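Peer 1: Have a look at the structure that comes next, please.
The values are calculated or read from the model by the stated rules, or taken from the named source; none is laboratory data. Small disclaimer: the values here were computed from a predicted structure and weren't measured. Cβ sites come from the backbone with ideal geometry, for glycine too, and all protein chains shown count toward neighbours.
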Amino acid sequence: MTQDRNQRFGGKVAIVTGAGMGIGEAVARRLASEGAAVVIVDFDEDAAKKVTADIDALGQKAVAVIGSVSVASDARRATKMAEEEFGGVDYLVNNAGVVIYGEVPEFKEEDWDTVVDTNLKGQYLMSKYAIPSMRSRGGGAIVNLASVQALISQREVAAYAASKGGIVSLTKTLALDHAKDNIRVNSVLPGSVRTPMLRHAAELAPGDPEATVAQWGRLHPRGTVIEPDEIANVVVFLLSDEASAVTGAPYIVDAGLSAQSAF
Ligand SMILES: NC(=O)c1ccc[n+]([C@@H]2O[C@H](COP(=O)([O-])OP(=O)(O)OC[C@H]3O[C@@H](n4cnc5c(N)ncnc54)[C@H](O)[C@@H]3O)[C@@H](O)[C@H]2O)c1
C-alpha cells in the first residue's frame, strides 16, 4: 500500500520547542496537519495554549508543555508528556531560541547565559531526554534550528552567533553518536524569517519597523524575507523518510543571503 503523502506522519509523535509562535508554530501546525501528534513546548503559556487549541479544533492532536528548554526538569517533562499522552517520541525539533544584542565588553554575563542556555544547552537537554525514547521506538529524527549566523555574522550578536555555531557542531556529533540508534540529526540555518523575533529586532532599529523588515528583505537576492512556512517545509522534509540519507548536515535555508559576496 502506498503511503498517503498528506498523512505521512500518521501515528508518529513530535516534540517542537518554541512552538507558541514563529517558525516553531509553523512546524507544529504542519506536522499536526500531516498526522503527527505534537507536543508544543513553550514558556509563553498563552501562546502555547492558543496553538494547541487551534490544532485540537482542527481534529488534530496536540498537547502543551509550559516550561523552559533550559531547565532540565522541564525538558524531561516534555518527553514524559509525549510518552504518557502519545506513547513515546519519534521526532524532536529544537527550535526555541532568543537573541540579545550588544558588544562583549558591555554584554551582561546573565544575558550571555540566557542566550547560550536557551539556544545551545536547551538543545542538549531536550535531546538528552528525547533520544532514549526514540531509541526504544527503533529510531527517529531531530532537527536543530541554528542560523546563517553560525557561518556569517553581523555586529553585536556574539552570544547568539556563538550559540548557533555550537548548534551546527552539536548536530554533527549527535548524528555520529546516534546513527547506530537509527536516529538522524540535522541542523537548519535560516536567513531572516518574518516572525515575532524579527519584528522585535526591527523595533530596536530606528524608523518604521515594517520598512526595516522590507530593507532586510532586500539583502536577500530575491528581495524579501523568508516566511515561516518556507522553513517548516525544509524541517518536515528532514524529519521525513525522504531524507533517509541526510544526517549531520547543516541545511542553509536563507534565500541566497549567504551566497553573496560584498561586491
Ligand atoms: N526569525 C529569524 O529571522 C531567524 C533566523 C535564523 C534563525 N532563527 C532561529 O529560529 C528559531 C525560531 O525563531 P523565531 O524567529 O520563530 O523566534 P520567535 O521569538 O518568534 O519565537 C520563539 C518561541 O520560542 C519560545 N521560547 C524562547 N525561549 C524559550 C525557552 N527557554 N523555553 C521554551 N520556549 C522558549 C518563545 O516564547 C517563542 O514562542 C530560533 O532558534 C531562532 O534563533 C530565526
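Peer 1: Restricting region 7-20 to residues that are outside any loop (DSSP other than H, G, I, E, B) and touching a helix residue (DSSP H, G or I) at 6+ places or on another chain (Cβ under 8 Å), which is surrounded by the most Cβ atoms within 10 Å (Cβ to Cβ)?
Peer 2: 16
Residues are listed down the side, and each one gets a yes or a no for (1) closer than 22 Å to residue 227 by Cα; (2) at pLDDT 95 or above; (3) within 10 Å of the ligand (Cβ to nearest atom); (4) of a type outside the set (Lys, Arg):
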{"position": "28", "(1), (2), (3), (4)": "yes, yes, no, yes"}
{"position": "34", "(1), (2), (3), (4)": "yes, yes, no, yes"}
{"position": "40", "(1), (2), (3), (4)": "yes, yes, yes, yes"}
{"position": "58", "(1), (2), (3), (4)": "no, yes, no, yes"}
{"position": "75", "(1), (2), (3), (4)": "no, yes, yes, yes"}
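Peer 1: Identify the residue in region 201-251 that is touching a Gly at 6+ places or on another chain (Cβ under 8 Å) and β-branched (Val, Ile, Thr) and, among all such residues, is farthest from residue 29 (Cα to Cα).
Peer 2: Per the criteria, the residue is 224.
Peer 1: Would you check if residue 63 is of a type in the set (A, V, I, L, M, F, W, C) and either assigned to a helix (DSSP H, G or I) or closer than 19 Å to residue 145 by Cβ (or both)?
Peer 2: no
Peer 1: Still on this structure: Out of 131, 100, I need the residue that is within 19 Å of the chain's Cα centre (by Cα), touching a residue at least 24 places away in the same chain (Cβ under 8 Å) and more than 25 Å from residue 254 (Cβ to Cβ). Which one?
Peer 2: Just one listed residue meets the conditions, 131.
Peer 1: Scan region 73-128 for residues that are hydroxyl-bearing (Ser, Thr, Tyr) and crowded, with 21+ Cβ neighbours inside 10 Å and report the count.
Peer 2: 4
One line per residue, one yes/no per condition, for (1) hydrophobic (A, V, I, L, M, F, W, C); (2) over 16 Å from the mean Cα position of the chain (by Cα):
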{"residue": "21", "(1), (2)": "yes, no"}
{"residue": "25", "(1), (2)": "no, no"}
{"residue": "41", "(1), (2)": "yes, no"}
{"residue": "44", "(1), (2)": "no, no"}
{"residue": "50", "(1), (2)": "no, yes"}
{"residue": "53", "(1), (2)": "yes, yes"}
{"residue": "61", "(1), (2)": "no, yes"}
{"residue": "84", "(1), (2)": "no, yes"}
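Peer 1: Only residues that are among the hydroxyl-bearing types (Ser, Thr, Tyr) and near the ligand (Cβ under 10 Å from one of its atoms): list them for region 180-224, please.
Peer 2: Hits for region 180-224 are 192, 195.
Peer 1: Also: Where the second residue is away from the ligand (no atom under 13 Å from the Cβ) and the first is of a type in the set (Ser, Thr, Tyr) and lies in region 149-171, which pairs have Cβ atoms under 6 Å and are six or more apart or on separate chains?
Peer 2: 171/185
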